[in-house]
């Protein structure tokens, strides 16, 4: 593999773009706060208005961090899935991993009411949300993996992902039939996807899961590279296939599960970002692709969020709609332009 | 077998096939042969006779149903994946799953059993890669992506990857399928060169029986009923090629060492 040195400029530019998007995201919002006040709030004595300080530190900053984790994490998860399934169309959303996480959340949110009382509030803590979502993603991934071992056809894997998606929505429909209006509303708002309204506690939990998933991904870098040749070649070069597969599924479940638990199901980022990055970084080396995808995914999500909050107005669009509006055409464009997508 | 003290790979009474839920499906059994260091051995047989199954079993990609496989006198099962990857490299019929790899990246992947957890290349690794590219004439392709290559180039790159793995044994599964006559001859000459000049031990399956007879030291002939192992000349003398295919369609010509279509309608 080529050394990282070749892409130094790319990484510098990406980091710069990310920083710019980060400050842009903090600057724009329904309340207009001058940029100088923002700098003061973070690096100086604090903004001149107490309310600005509060908005920045307890609303905009956690939202920006959540956006970066969401974009970066989902993109890395998408990259891992594309290599693991050796399928350019794989991604957390397409393979039904987000649906799996959604099912976990649905059972928790809609089911908690049935138990009621103190137990319900305990069940709805951020940690239990992460655990059920992670578990849901893990189970769906294991199921998809098991089927993909029987059926080698790459298209069927995607259809199976779709089937899991509809299965999940069916179960959710049944559950919602038996739940009350308030729970239903809670679930529906979750399913729109939202980066805002994250408490610092949730951000820390998210950050923790993100780091854990990322660590597992980086540790699998060499195995991911060998998987590019296919299972048989990878094994002939000393890869322990079962262990690697489990590790990659675990990493994806943690990343996609935790992100989906807090930010809702977010489409297309995980699928599109690795392809966009491959247009610029002409390498297949995961030790370069993982950080590149991470930076670019974070950058793109910050931009999407900046658009979604409709600067200078009090409206906020669902983030899922924005990522789909941007992501779906990108995937179509890539397919048409390159005829065949690579991974 | 007895006169050579240390064959690098020994196969004893091997049976290959698949483990099904309702018992074993044996594709071929009672296979006995050995590979001496620095020899070229060809595996021939009709389609569906079990050549690929044998290759997959030898390379530990599928479990055997019985018998022994010894590499350097040690049972195949007792090798860890990395240990085995340092002894034995493969060239398979399948193409690399990702066509996005550059030729250099692909060949460099062969160094994986020797590199650290990040796969960083040391000067020694780069030397092995350069050697592999030079001997397969793939240096000029270095910067190309796999999707830009022809079948012949791709096969040379696949062999270069196996060479950069730097193993004493190389096993190739039908290395000349889909190639034009020039590339078929090229691959055969390359294998011969690797054996003669670099003391590699090469085992390959093929349908080019006439080329294999001319160029290999030993041959394994799978007929379905039995598996023969000997030098090409001895196999011809004992008429073992006659049973390779149904004799009413094609016939082995002992004098020329090749098959011909029987001119009887």
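Throughout, read-outs are computed from the coordinates displayed, never taken from laboratory work. In this text, all values refer to a predicted model and were calculated from it rather than measured experimentally. Every residue, glycine as well, gets a Cβ built from its backbone with ideal geometry; the counts of neighbours run over all protein chains shown.
Per residue, the convex hull spanned by the Cα atoms of chain A measures out at 144 cubic angstrom. For the stretch A:4-338, the relative contact order comes to 32 percent (Cα pairs under 8 Å, sequence separation of at least 6). For the stretch B:1-97, the Cα-based Rg and Dmax, in that order, read 13.9, 43 Å. Take each residue of peptide A:222-230, count the partner chain Cβ atoms within 10 Å of its Cβ, and average: the result is 6. Each peptide in B:211-224, A:226-239, B:25-38 receives the mean, over its residues, of other Cβ atoms within 10 Å, and ordering these scores from highest gives A:226-239, B:211-224, B:25-38. Computed over the protein assembly as shown, the P(r) tail beyond 44 angstrom holds 33 percent of alpha carbon pairs. Counts of other chain beta carbons within 10 angstrom of each beta carbon in peptide B:108-114 average 6. With both labels modelled 7 Å from their Cα along Cα-to-Cβ, the residue B:250 to residue A:30 distance reads 7.9 nm. Other protein chain C-beta atoms within 10 Å of residue C-beta, averaged over B:119-128: 2.
Exposure proxy ranking for A:211, A:304, based on other Cβ atoms within 10 angstrom of each Cβ and starting from the fewest, stands as A:211, A:304.
Sorted fewest first by neighbouring Cβ atoms within 10 angstrom, B:243, B:183 come out as B:243, B:183. Sorted fewest first by neighbouring Cβ atoms within 10 angstrom, B:129, A:325, A:38 come out as A:325, A:38, B:129. For the pair the stretch B:230-255 / the stretch B:80-135, the C-alpha centres are spaced 39 Å from each other. Comparing the stretch B:180-265 with the 2.2 N^0.38 Å rule of thumb, its C-alpha radius of gyration ratio is 1.18 (two decimals). The length gained on full extension between residue A:39 and residue A:315, counted as 0.36 nm times the residue separation minus their Cα-Cα distance, comes to 96.8 nm. For the stretch A:97-253, the spread of Cα coordinates along the three principal axes comes to 56, 34, 24 Å, biggest extent given first. For chain B, adding -39500 (n - 2.57) for each run of n ≥ 4 DSSP H residues and dividing by the number of residues yields -9000 deg cm²/dmol at 222 nm.
Between the stretch B:35-51 and the stretch A:187-219, the alpha-carbon centres lie 55 Å apart.
Spin-label model, residue B:198/residue B:185: points 7 Å from Cα along the beta carbon direction are separated by 2.3 nm. With bins 10 Å wide beginning at 0, the percent of Cα pairs of the stretch A:188-343 falling in each bin runs 10, 33, 35, 18, 4, 1.
Entry note, chain B: relative contact order of 23 percent, from Cα contacts under 8 Å with a spacing of 6+ residues.
An ellipsoid equivalent to chain B, defined through the eigenvalues of its Cα gyration tensor, has semi-axes of 31, 23, 18 Å when rounded to whole angstrom and sorted largest first. Here the protein assembly as shown carries DSSP beta bridges of which approximately 60% are antiparallel, counting only pairs with both residues inside. Of interest is the spacing of the C-alpha centroids, which for the stretch A:242-299 and the stretch B:144-208 amounts to 36 Å. Peptide packing: for A:290-298, B:90-98, B:136-144, the average count of neighbouring Cβ atoms within 10 Å per residue gives the ranking A:290-298, B:90-98, B:136-144, highest mean first.
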